[in-house]
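Engineer: A single structure is presented below for examination.
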């Protein structure tokens, strides 16, 4: 019998502020994630949870980057390490500390170093966030403990996603390398000489790797051209876009907030994404996703 994937997650607000500190945990699990806005770092100083051995994540947006930047680390005393980063790292706005709430079963230094190494690899593989750091060292962990930590890691990913930071989830879900055009409801934008394909997801409309943009902007696009060219520049800097045979090609999956934002960028001209994205049979995104409601 297939097990249910349903989960109950409790989020505690210590100061009652939904935009403040959050402590999230899964019922019957000992691991918990503490989200701390940078401006409220001092307010958690006395909380016992933040003074334990911890895996931690820093999240923020660099002005020159289109994707959220993240940093993954480990610490013997979580709060003290965050205090150091408050003085030395500019980019981050939010920290998430991962600790255990079981006094008899705290993380060891080796535990969090293993989780740091594994988390880095999974985050880089997912490609959702910009990770600007070197590969952390991989410590020796007994096989039995490694299995425990991998089980804990699944809970960590769930908690981070619930708090709004799905750092280990690729834009294609769990089967990143598999593109089943029928099951995944693939849509194509081939007006002019564009050869783009993608999917409408929880993240917006995701244009997939290997999509090719139209070769040049159309007349009438001048009012948007400056902003469009700025985005082109940023995408090239972040290696989201490359150039192949004189045309822009997507090197990574890239989400856009709406179908029209995606098709306008791909076509380099004004576009209604609800009609410009079509499935293999020629049905528009509008027909499939809006008119069938």
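The values are calculated or read from the model by the stated rules, or taken from the named source; none is laboratory data. These numbers come from a predicted model, not from an experiment. Here the Cβ positions follow ideal geometry from the backbone for every residue, glycine too, while neighbour counts run over all protein chains shown.
Engineer: Quick check on segment 255-265. Is at least one of its residues more than 13 Å from residue 205 (Cα to Cα) and either in contact (Cβ under 8 Å) with a residue 12 or more places away in the chain or surrounded by fewer than 12 Cβ atoms within 10 Å (Cβ to Cβ) (or both)? Outline the logic, then answer.
Structural biologist: Filtering segment 255-265 down to residues more than 13 Å from residue 205 (Cα to Cα) leaves none.
For segment 255-265, residues more than 13 Å from residue 205 (Cα to Cα) and either in contact (Cβ under 8 Å) with a residue 12 or more places away in the chain or surrounded by fewer than 12 Cβ atoms within 10 Å (Cβ to Cβ) (or both): absent.
Engineer: Next question, about the same structure. Any idea which of (1) in a loop (DSSP other than H, G, I, E, B); (2) without any contact (Cβ under 8 Å) to a residue 60 or more places away in the chain is the one residue 128 doesn't satisfy?
Structural biologist: (2)
Engineer: Find the residue count for segment 10-27, including only residues that are in a loop (DSSP other than H, G, I, E, B) and closer than 12 Å to residue 100 by Cα.
Structural biologist: Of all residues in segment 10-27, those in a loop (DSSP other than H, G, I, E, B) come to 13-21, 27.
Okay, now just the ones that are also closer than 12 Å to residue 100 by Cα, so none.
Looking only at that region, the number is 0.
Engineer: Report yes if residue 281 is touching a helix residue (DSSP H, G or I) at 6+ places or on another chain (Cβ under 6 Å) and at pLDDT 90 or above, otherwise no. If you could, list the steps in order and put the result at the bottom.
Structural biologist: Working: touching a helix residue (DSSP H, G or I) at 6+ places or on another chain (Cβ under 6 Å): no; at pLDDT 90 or above: yes.
So residue 281 does not fit the description; no.
Engineer: Can you tell me which residues in segment 95-114 are crowded, with 18+ Cβ neighbours inside 10 Å and under 17 Å from residue 151 (Cβ atoms)? Working first, answer last.
Structural biologist: Here is the first cut: in segment 95-114, the ones crowded, with 18+ Cβ neighbours inside 10 Å are 95-100, 107, 111-114.
Correct list: 98, 99, 100, 107, 111, 112, 114.
Engineer: Moving on. All but one of (1) under 18 Å from residue 164 (Cβ atoms); (2) in a helix (DSSP H, G or I) hold for residue 55; which doesn't?
Structural biologist: Residue 55 satisfies every listed condition except (2).
Engineer: Name, by its number, the condition in (1) in contact with a helix residue (DSSP H, G or I) (Cβ under 6 Å, 6 or more places away or on another chain); (2) surrounded by fewer than 21 Cβ atoms within 10 Å (Cβ to Cβ) that does not hold for residue 117.
Structural biologist: All conditions pass for residue 117, except number (1).
Engineer: Identify, please: which residue in segment 39-52 is touching a helix residue (DSSP H, G or I) at 6+ places or on another chain (Cβ under 7 Å) and not in a loop (DSSP other than H, G, I, E, B) and is, among those, farthest from residue 163 (Cα to Cα)? I'd like the intermediate steps shown before the answer.
Structural biologist: Applying the first criterion (touching a helix residue (DSSP H, G or I) at 6+ places or on another chain (Cβ under 7 Å)) to segment 39-52 yields 41, 44-45, 50-52.
Right, trim to not in a loop (DSSP other than H, G, I, E, B) and you get 41, 44, 50-51.
On the way: 41: 17, 44: 18, 50: 17, 51: 21 Å.
Across segment 39-52, the extreme among qualifying residues is 51.
Engineer: Kindly check whether there is at least one residue in segment 101-111 that is touching a strand residue (DSSP E or B) at 6+ places or on another chain (Cβ under 8 Å), part of a strand (DSSP E or B) and at pLDDT below 95.
Structural biologist: Let us first name the residues in segment 101-111 that are touching a strand residue (DSSP E or B) at 6+ places or on another chain (Cβ under 8 Å), namely 101, 106-107, 109.
Those still in the list that are part of a strand (DSSP E or B) too: none.
No, there is no match, as no residue in segment 101-111 is touching a strand residue (DSSP E or B) at 6+ places or on another chain (Cβ under 8 Å), part of a strand (DSSP E or B) and at pLDDT below 95.
Engineer: With the structure loaded, tell me whether residue 91 is part of a loop (DSSP other than H, G, I, E, B), in contact with a strand residue (DSSP E or B) (Cβ under 8 Å, 6 or more places away or on another chain) and within 28 Å of residue 127 (Cα to Cα) or whether it fails that test. Before the answer, list the steps.
Structural biologist: Working: part of a loop (DSSP other than H, G, I, E, B): yes; in contact with a strand residue (DSSP E or B) (Cβ under 8 Å, 6 or more places away or on another chain): yes; within 28 Å of residue 127 (Cα to Cα): yes.
When the stated conditions are applied, residue 91 passes them.
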